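Student: Got a structure for you, written out below as structure tokens; questions coming shortly.
The values are calculated or read from the model by the stated rules, or taken from the named source; none is laboratory data. Remember, it's a predicted structure, so these values are computed and weren't measured experimentally. In this analysis, Cβ positions are derived from the backbone assuming ideal geometry, glycine residues included, and neighbour counts consider all displayed protein chains. When the accessible area is computed, the model is the full protein with side chains, heavy atoms only, and any ligands, DNA or RNA have been set aside. Shrake-Rupley method; radii C 1.70, N 1.55, O 1.52, S 1.80 Å.
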Amino acid sequence: MGVLTFVGTGLATAAGLWQWQRARVREARADFRAQRVEALREVWEALSDLEEAQRLSLTRREPPVAAEANRLTQVNLLLLRRSPFLRPDEQEWAQAFAQHLTEIDALIRAQAHDGQSGESDAEWFVTTARQPPSSHVAAVAAHRLSELRLKLGHRYAAIVRGDSE
């Protein structure tokens, strides 16, 4: 009878330990998912803020200021800090997004500075008018930027809905 009690106690202890371990794994997954959602939210907002600031700066025909460079640096630092919660493709998309924004801004400002059609370029970029990707370098970057915005937006929405891990 003592052996049965010992075996029963051992089995009950093992089952309890197994359930406790499963609960910890579930909690860790839930915590990681929450951190991932938060990381994607932060990245999405930082990139959106960067894009908005650059578009507004072009609208006002203001020269680039240190705040814009600082905002880009902050986006890059955010990507580094939150990288454990971002997939490699998400990091690549976010970095390319910031790069294309900077490239478009520099091209439009250079054209305006050289007296070329920078004003019309700024107008289509600021208003988000669709341009054929083959029209010129800035339009190619803008086309790629819109593709990246869609990819990141779909991934962020999927993560928030719980459709994808």
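Student: Select, from Ala112, Ala39, the only residue that is of a type in the set (Gly, Ala, Ser) and at pLDDT 70 or above. Quick ask: steps written out before the conclusion?
Tutor: Details: Ala112 fails: at pLDDT 70 or above.
Sole residue among the options that is of a type in the set (Gly, Ala, Ser) and at pLDDT 70 or above: Ala39.
Student: Let me spell it out: the conditions are (1) modelled with pLDDT of 75 or more; (2) open to solvent by 60 Å² or more (accessible area, probe 1.4 Å), and Glu123 meets all of them except one. Which number is the exception?
Tutor: Of (1) modelled with pLDDT of 75 or more; (2) open to solvent by 60 Å² or more (accessible area, probe 1.4 Å), only one is false for Glu123: (1).
Student: Also: Condition test on Leu101, is it modelled with pLDDT of 85 or more and open to solvent by less than 70 Å² (accessible area, probe 1.4 Å)? Can you show your working first?
Tutor: On the way: modelled with pLDDT of 85 or more: yes; open to solvent by less than 70 Å² (accessible area, probe 1.4 Å): yes.
Criteria met by Leu101.
Student: Now for a separate question. Given the conditions (1) without any contact (Cβ under 8 Å) to a residue 24 or more places away in the chain; (2) closer than 30 Å to Ser83 by Cα, which single one is not true for Phe6?
Tutor: With (1) without any contact (Cβ under 8 Å) to a residue 24 or more places away in the chain; (2) closer than 30 Å to Ser83 by Cα applied to Phe6, the lone miss is (2).
Student: Another one. Of all the residues that make up segment 1-58, how many are of a type in the set (Gly, Ala, Ser) and surrounded by 11 or more Cβ atoms within 10 Å (Cβ to Cβ)?
Tutor: As a first pass, look at segment 1-58 and keep what is of a type in the set (Gly, Ala, Ser): 2, 8, 10, 12, 14-16, 23, 28, 30, 34, 39, 46, 48, 53, 57.
Keeping just the survivors that are surrounded by 11 or more Cβ atoms within 10 Å (Cβ to Cβ) gives 34, 39, 46, 48, 53, 57.
The qualifying residues number 6.
Student: So which residues in segment 75-87 are open to solvent by 30 Å² or more (accessible area, probe 1.4 Å) and within 20 Å of Asp31 (Cα to Cα)? Show your work before the answer.
Tutor: Let us first name the residues in segment 75-87 that are open to solvent by 30 Å² or more (accessible area, probe 1.4 Å), namely 76-77, 80-81, 83-85, 87.
If the condition is that a residue be open to solvent by 30 Å² or more (accessible area, probe 1.4 Å) and within 20 Å of Asp31 (Cα to Cα), then Leu80, Arg81, Ser83, Pro84, Phe85, Arg87 are the ones that fit.
Student: Filter segment 137-160 for residues that are over 15 Å from Ala98 (Cα atoms) and open to solvent by 60 Å² or more (accessible area, probe 1.4 Å); which is modelled with the highest pLDDT? Let's see the steps before the verdict.
Tutor: Here is the first cut: in segment 137-160, the residues over 15 Å from Ala98 (Cα atoms) are 137, 139, 154-160.
This time we only want the ones that are open to solvent by 60 Å² or more (accessible area, probe 1.4 Å), so: 137, 154, 160.
Values: Val137: 74, His154: 91, Val160: 85.
This residue is His154.
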